[in-house]
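The next block holds one structure in the form of structure tokens; read it before the comments.
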Amino acid sequence: MEVQFKYRGREVTGTDVSFIRALIVQNPTASRRALSKKLCEAWNWVQPNGTLRDMVCRGLMLKLHRAGHIVLPPVRRVPPNPLARRTKPPSVTVETAPVRSLLKELRPLTFRQVRRTPDERLFNALIDTHHYLGYTQPVGAHLKYLVHARDGRLLACLSWSSAPRHLGARDRFIGWSAEARRQNIRFIAYNPRYLIFPWVEVPHLASHLLGQMVRVLNRDWQEVYGHRLYFLETFVDPTR
């Protein structure tokens with residue numbers, strides 16, 4: 001069967017379109033969201049961790065609807081956009097006594113992944129208060145870390161997210177084509193926020209944290225998202 005187009009890595013054929021039409025007819029009372037979940041289940045269209053690719057599937061169905069290939073049921077509800085009306089993280093008070101010592105006196109460091117835990121609010125507030133870019137909610141796959149010294153003192157915060165899809169310097173460095181990038185972009189994570197607190201002055205701490213993150217993040221990413229990472233990327237503002 002001839003491929004009509006590709007959407008987010010999936011080839012869509014005329015047979016696929018006919019199947020979606022039949023699915024809609026067979027479920028006349030289903031919402032758009034329910035239809036997309038049924039289609040994911042029928043196609044076994046899942047993420048590496050087994051979660052349905054519901055949002056991607058919904059985008060495919062909307063594209064087919066707008067092109068006139070299928071007719072979706074009317075929109076029943078427009079969910080609120082949490083990114084459009086974002087609540088500022090609450091302020092927090094933490095110990096700010098100067099930390100001036102050798103790195104070996106603080107080790108071993110503890111990296112705590114706090115996304116979807118009670119301490120996620122603490123992470124958000126610390127970034128918003130002390131990072132020069134403030135806090136913005138990551139989009140896509142992401143994890144957040146608080147780093148503690150062996151005596152429990154907070155030293156740093158780091159977050160890691162899905163990598164930008166198009167980045168010329170990176171793509172040329174790796175040497176992949178547009179198709180290779182599309183297939184493998186999920187194996188890269190980037191570092192949107194990296195904060196060592198202003199009262200922490202420890203030589204070599206910054207590079208040590210990044211080096212340790214390679215091991216810690218790869219383990220946690222596999223546990224949460226079902227696949228490992230092969231590259232991590234960070235961005236530097238040379239004026240700072």
Checklist entry - Do we find that Lys63 is modelled with pLDDT under 95, more than 24 Å from the chain's Cα centre (by Cα), surrounded by 14 or more Cβ atoms within 10 Å (Cβ to Cβ) and of a type in the set (D, E, K, R) in this structure? => result no
Checklist entry - Only one of (1) surrounded by 15 or more Cβ atoms within 10 Å (Cβ to Cβ); (2) outside any strand (DSSP E or B); (3) out of contact with any helix residue (DSSP H, G or I) (no Cβ under 8 Å at 6 or more places or on another chain); (4) not acidic (Asp, Glu) is not met by Ala169, so which one is it? => result (1)
Checklist outcome for this item: Within the stretch 213-230, of all residues that are farther than 17 Å from Arg112 by Cβ and touching a residue at least 60 places away in the same chain (Cβ under 8 Å), the one nearest to the chain's Cα centre (by Cα) is Tyr225
Checklist entry - Taking the stretch 207-231 only, how many residues are among the hydrophobic types (A, V, I, L, M, F, W, C) and buried (at least 17 other Cβ atoms within 10 Å of the Cβ)? => result 6
Checklist entry - Within the stretch 183-212, can you find the residues that are under 16 Å from the mean Cα position of the chain (by Cα) and part of a helix (DSSP H, G or I)? => result Asn184, Ile185, Arg186, Phe187
Item to check | Some residue of the stretch 1-11 being modelled with pLDDT of 90 or more, of a type in the set (D, E, K, R), closer than 23 Å to His142 by Cα and outside the structural domain of Ala125 (by TED's automatic domain parsing) | outcome: no
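The values are calculated or read from the model by the stated rules, or taken from the named source; none is laboratory data. Note that this is a predicted model, so its numbers are computed, not measured. FYI the Cβ positions are ideal-geometry reconstructions off the backbone, even for glycines, and counts take in every protein chain you see.
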